[in-house]
Structures are given as C-alpha cells and as structure tokens.
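Novice: Okay, here's the structure, questions in a sec.
Just so it is clear, none of the values below were taken in a lab; they were calculated from the coordinates. Bear in mind that the values here come from a model prediction, so they are computed numbers and not experimental data. In this analysis, Cβ positions are derived from the backbone assuming ideal geometry, glycine residues included, and neighbour counts consider all displayed protein chains.
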Amino acid sequence: MSEIAKLELDGNSYELPIIEGTENEKGIDISKLRGGTGGYITLDPGFKNTGSTKSAITFLDGEKGILRYRGYPIEQLADKASFLEVSYLLIEGELPTQQQLTEFKESITKHTLVHEDMKQFFEAYPAKAHPMGVVASMVCSLSTFYPESLDPNRGEVAVDLTIHRLIAKLPTLAAWSHKNAMRHPFMYPKNDLGYCENFLHMMFAMPTENNTVDPVVVSALNKLLILHADHEQNCSTSTVRVVGSSHANLYASISAGISALWGPLHGGANQAVIEMLQQIYNDGGDVDKWVAKAKDKNDPFRLMGFGHRVYKNFDPRATIIKKSCDDVLAKLGVNDPMLEIAKKLEKVALEDDYFKSRNLYPNVDFYSGIIYKAIGIPTEMFTVMFVLGRLPGWIAQWKEMRENNEPIGRPRQIYTGENARDYVNIANR
Ligand code: CMC
C-alpha cells in the first residue's frame, strides 16, 4: 500500500503522509497542508471525517460493532470486571493487580466526602434545578477548594490526587444533587460500601431506616457504568480534550465535558428516550404514528435512542444492555408499560426501510433509561448517571492529551460573511 496520498491542487502535486493505526485504520495527515499549499484547509462540519488525535485508549469499529477499552472487549469487561477496575484500566493503561486495585480503592474511598461549605452551594439552587446543571457547576467548583489543582503540570503524584478526588467525590455530588431537588437530608458516603453500592446508598437511603441495597441493582449499575466508561472522540470527550488543551485544570475540563454531554443528541438522549416513550404512551400507544412522524422530514420529531454517528450496524453496548434490561426487570418483578412501547417501537423501526436504509438501530440509551427507571432513578438524573460512567474515560483522555503535550485545539474556518465595508453613522442607516 502507498504510504502517501497525492493531492493535485492548482496545477501542483502535494504528497500527504498516510498514518496507520494498530487496527489498520488509515488517515491522511493534513497537519502541514495549510502552510504547504499556501492557505488551503480542509472543511468537515461535525468532524465526521476528521481525526483530532492519535489515541491508545479505546478502539471502536462502527461497521463491525466492536468496542474495546485498552484492547479488552467490552463484552468481557461488562461481564467480569468492576467499574473501579475498568476505571483503573482506562486511566493507567493496564488492568490492575490485586494490590494496585486495593490501593486505588483505598485512595478513592478516602476522598468521598466533599467540603461542608459545598452544602451551601446546593441549598442555593432552586428545587427544580436540573441536576446536570448542578453537577457541572459543582465539579467546576471543586477547583476552588483545591487551588493547587489549577496547575495541570505539577507532576504525576499531584495530578493523580486530583483524579482520585474527582472519582471519589462525583457520586457524592451526583447523589446530593438529587437529594437537594427533593429537599431531603443529604446522606453521607459510607466507606465500607463499594463504589456503586455507596452511590445507591447516598441516593436512596433514609437517615432513620436500616438501609440495604439490592445486589441485583448494584450489579446492573456496575454494568451500565462500565458500558458508558469511554467511547473515544465523541462530543463530550472532544470537549474535555479541547478545554484541557489550553492547560485548563482537570475539574474545569470535566465540567465542560458534562455540559457537552447534557444535550439530547448525546448523553441527554437517555432522558429523552423515556420522555418519548411516555409521550407515546400518553398519546394512546400508537407506535406506527410516531414512527411515521420520525420519518417525516417536515416534522422535527426523531426516534430518540435510535441512530449513532459511528455505529452503522449495531451498537455492541445496546446488545449487552438489552439483555441486562430483561434480566433486571424480571428479577425486580417490574412490569413497565414503557417497556412494551419500547419493544414495539424497536420491532417496527427495525423492519422499516427508512431506518434500515440509513442504518439506524437502537443505541445504548434506548435501553439504559428503562433500567434506570426500573431501579428508581428519577428521569432527570439519567444523564447524571451517564456522567458517572463516562468520568474515567474523560480523565484518561485528558491525561493522554496532556502526556502527549498536544497543541491547543484551534480549528480553522471558511469565512462566508461580508467583505470589508465602512462604518455608517446611525443617523444614516
Ligand atoms: N430518527 C429519525 N431519523 C433519524 C434519526 C432518528 N433517531 N437519526 C438519524 N436519522 C436520519 C436523519 O434524518 C438523516 O436522514 P437523511 O439522510 O434522509 O437526511 C440520516 O438518518 C442520517 O442522520 P444524521 O443526523 O446525519 O446522522 P448523525 O451521525 O449526524 O447523527 C445522531 C447521529 C445520534 C445524532 C442521530 O442519529 C440522532 O439524532 N439520534 C437520536 C438521538 C440519540 O439517540 N442520541 C444518542 C446517541 S448514543 C449516546 C452517545 O454516545 O452520545
């Protein structure tokens, strides 16, 4: 295979290097194009064909439905690993030994409390505040409590401390954003519980009761968090890397990622799926009518939880989660009419030419919302659950970007506005 691509432009021929990844994916390196061609850039709205970095964290093949973290298939990790083990794998590059995992867990457990002054921040939010807004602000606010974290270049040990603090405190901040919306007392972390169990304790425990967490729910949550833990250069991850590329601190970079995740075309889809199912149910449950709406180009309605920028065959996370969804509902004895609507919708859409010809399949968010609903997570918290899962991926990507000393992210543009013109005094306009 040729190691260069040739570009003919204005009668000149240019040679562009071909970059090949370890899974044989190929890219044309255009990083020197502008200087070499006297100003040409490439235009790619939505970065659909643009690689922004070389990364060794996650491999994804959208055509074949493959997802691997550091080489390990998602199916094996979701089946066998714990979320903290996967977090360590993503951030450190290798699965931990027993001793490494024990030390990692101890360090995370030591930092689960948040500063008591932060409680006042929560109390200042209105009860109807969306928890994503609260969590994004709280994560950024952590930087004000740990001013030493403002310098992301202060050495590995100090950066690791910031990373461990963030992983430890996020469940506390997330659960408290829910408790605050309910105007219920905050539940403090219980450090004898595992990561998922502790989060569920802070979400649901009541101070006056002897609380236990259902192991079926813990196991479902562990799987969901692993499935969401990384997904290479998506909208929120790219945001984290671009913000971090200005040498902004980790808390600020992750907070920006949380905001990017919030939108319904990205992480917000899990909330949008349940709202859509509810809407269809309230409307009488006529699935065909809503499928027709989704196909109508004059109607802005889209089937939420369908389609994906990179998976054009099936989303491997959806396959795992679909099975988990059936198991959890059966074990918890939940009979949810939303699930019936979801199943009908899935069947109709999968047999419809519009969806088939565009390779639109249910994605991970089609099923995750149904599980979250079954385990009692309020709808507005669904995207916060995605944040909990995606955190180690964002951290790993931020760390990789810093370690590779990547340049500041600064895309170009093709200007389509007015040419130079003279200012006109307001009286003459
Ligand atoms: N319902 C109806 N039509 C759709 C849908 C949908 N959910 N998704 C895509 N299409 C159509 C779209 O109208 C277009 O049709 P045409 O070629 O006739 O113009 C075609 O399929 C290609 O769509 P696109 O918008 O160009 O594709 P994209 O890669 O830019 O967008 C997407 C991907 C995920 C934003 C989109 O499929 C979508 O909006 N899905 C619903 C939201 C959703 O479930 N998002 C969660 C993604 S998974 C979680 C995550 O990783 O963030």
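Novice: With point charges of +1 on the Cβ of Lys and Arg and -1 on the Cβ of Asp and Glu, referenced to the Cα centre of the stretch 4-51, which listed residue (TYR14, TYR40, GLY51) lies farthest in the positive direction of the dipole?
Specialist: My answer, from the dipole projection, is TYR40.
Novice: Any chance you could run the full-extension gain for GLU3 through LYS297? It's 0.36 nm times the residue separation minus the Cα-Cα distance, nm to one decimal. It would help to have the intermediate numbers written out before the result.
Specialist: On the way: separation 294, 0.36 × 294 = 105.84 nm, distance 4.26 nm.
Taking 0.36 nm per residue and subtracting the Cα distance, the gain is 101.6 nm.
Novice: With runs of 4+ DSSP H residues as the only contributors, calculate the mean residue ellipticity of the chain at 222 nm using -39,500 (n - 2.57) per run, divided by the residue total and rounded to the nearest 500. Don't skip to the end; give the middle numbers.
Specialist: Numbers: 18 runs with 222 residues, N = 429.
Here the helix-only value at 222 nm equals -16000 deg cm²/dmol.
Novice: Let me ask something additional. Which FRET efficiency value, to the nearest 0.05, do you get for ASP151 and ARG412 by plugging their Cβ-Cβ distance into 1/(1 + (r/R0)^6) with R0 = 30 Å?
Specialist: Values: r = 30 Å, r/R0 = 0.99.
Calculated value: 0.50.
Novice: PHE306's amide H: which non-local residues (gap 5+, or another chain) put their own amide H closer than 5 Å, with H modeled 1.01 Å from N in plane and none for Pro or chain starts?
Specialist: ASN363
Novice: Right, another one. Which shape class, rounded, prolate or oblate, goes with the stretch 250-321 when its Cα gyration tensor gives a ≥ b ≥ c as root eigenvalues, a/c under 1.5 marks rounded, and past that a/b bigger than b/c marks prolate? Write down the numbers at each step before the final one.
Specialist: Values: a/c = 2.11, a/b = 1.72, b/c = 1.23.
In terms of gyration-tensor shape, prolate.
Novice: For ALA5, list long-range residues whose amide hydrogen, built 1.01 Å from N in the peptide plane, is under 5 Å from its own amide hydrogen.
Specialist: Amide H to amide H, under 5 Å and 5 or more residues apart or across chains, ALA5 pairs with LEU16, ILE18.
Novice: May I pose another question? Filter LYS54/LYS323; LYS128/LYS373; LYS32/LYS297 down to the pairs with a C-alpha to C-alpha distance above 31 Å, please.
Specialist: Numbers: LYS54/LYS323 33 Å; LYS128/LYS373 19 Å; LYS32/LYS297 40 Å.
Among LYS54/LYS323; LYS128/LYS373; LYS32/LYS297, the Cα-Cα distance tops 31 Å for LYS54/LYS323; LYS32/LYS297.
Novice: Quick check: pseudo-label points 7 Å beyond the Cα along Cα→Cβ at ASP422 and ASP286, how many nm apart are they?
Specialist: Modelled inter-label distance: 6.3 nm.
Novice: Along the positive direction of the dipole of the stretch 142-223 (beta-carbon charges: Lys, Arg +1; Asp, Glu -1; about the Cα centre), which of PRO152, MET203, HIS164 reaches farthest?
Specialist: MET203
Novice: OK, next. Assuming a ≥ b ≥ c are the square roots of the Cα gyration tensor eigenvalues, decide whether the stretch 174-319 counts as rounded (a/c under 1.5), prolate (otherwise, with a/b larger than b/c) or oblate. Mind dumping the intermediate values first?
Specialist: On the way: a/c = 1.99, a/b = 1.29, b/c = 1.54.
Oblate, because a/c is 1.5 or more while a/b does not exceed b/c.
Novice: May I pose another question? Per-residue counts of other Cβ atoms within 10 Å, averaged by peptide: what ranking do you get for 113-120, 192-199, 62-69, 240-247, highest first?
Specialist: Details: 113-120: 13.4, 192-199: 19.4, 62-69: 17.8, 240-247: 20.9.
The most tightly packed comes first, giving 240-247, 192-199, 62-69, 113-120.
Novice: Which order do peptides 374-380, 151-157, 84-90 fall in by mean Cβ count within 10 Å, highest first? Present the calculation step by step, with values, prior to reporting the outcome.
Specialist: Values: 374-380: 17.7, 151-157: 11.0, 84-90: 23.1.
Per-residue mean Cβ counts within 10 Å order the peptides as 84-90, 374-380, 151-157.
Novice: Add +1 for every Lys or Arg and -1 for every Asp or Glu among the other residues with Cβ under 12 Å from the Cβ of LYS105, and state the total.
Specialist: Working: positive: LYS110; negative: GLU85, GLU103, GLU106, ASP192.
Net charge in that neighbourhood comes out at -3.
Novice: For the chain, with only Lys/Arg (+1) and Asp/Glu (-1) charged at the beta-carbon, what is the dipole magnitude about the Cα centre, in debye rounded to 20? Kindly include the intermediate steps, with their values, before the conclusion.
Specialist: Details: 46 positive and 53 negative charges, 142 e Å.
Its charge dipole is roughly 680 debye.
Novice: So for the pair ARG429, LYS110, with labels modelled 7 Å out along Cα→Cβ, what separation do we get in nm?
Specialist: A separation of 6.1 nm, rounded to one decimal place.
Novice: I've got another one for you. Output ³J(HN,Hα) for the stretch 272-287: one whole-Hz value per residue in order, computed from phi by the Karplus curve 6.51 cos²θ - 1.76 cosθ + 1.60 with θ = phi - 60°, and x for Gly and Pro.
Specialist: 3J(HN,Hα) across the stretch 272-287, in whole Hz: 5, 5, 5, 5, 5, 4, 5, 4, 5, 4, 4, 7, x, x, 7, 4.
Novice: Karplus couplings for the stretch 75-83 from phi (6.51 cos²θ - 1.76 cosθ + 1.60, θ = phi - 60°), rounded to Hz, Gly and Pro as x?
Specialist: 4, 5, 5, 5, 7, 10, 9, 9, 4
Novice: Excluding residues fewer than 8 places away in the same chain, name every one of the aspartates and glutamates whose C-alpha is closer than 17 Å to that of LYS295.
Specialist: Within the straight-line limit of under 17 Å, LYS295 reaches these aspartates and glutamates: ASP286, GLU346, GLU351, ASP352, ASP353.
Novice: If you don't mind, there's one more thing I want to ask. Apply the a/c threshold of 1.5 to the C-alpha gyration tensor of the stretch 4-51 and tell me whether it is rounded, prolate or oblate.
Specialist: Values: a/c = 2.48, a/b = 1.41, b/c = 1.76.
In terms of gyration-tensor shape, oblate.
Novice: Highest mean first, what order results for 338-346, 130-138 on Cβ atoms within 10 Å?
Specialist: Values: 338-346: 18.8, 130-138: 21.6.
The most tightly packed comes first, giving 130-138, 338-346.
Novice: What are the ³J(HN,Hα) values, in whole Hz, obtained from phi via the Karplus relation 6.51 cos²θ - 1.76 cosθ + 1.60 with θ = phi - 60°, for each residue of the stretch 338-349 in sequence order, with x given for Gly and Pro?
Specialist: Result, rounded to whole Hz: 4, 5, 4, 4, 4, 5, 5, 4, 4, 5, 4, 5.
Novice: Which cross-chain or sequence-distant (5 or more) residues have an amide H under 5 Å from the amide H of GLY268, H modelled 1.01 Å from N in plane?
Specialist: When sequence neighbours closer than 5 places are left aside, the close amide H contacts are GLY263.
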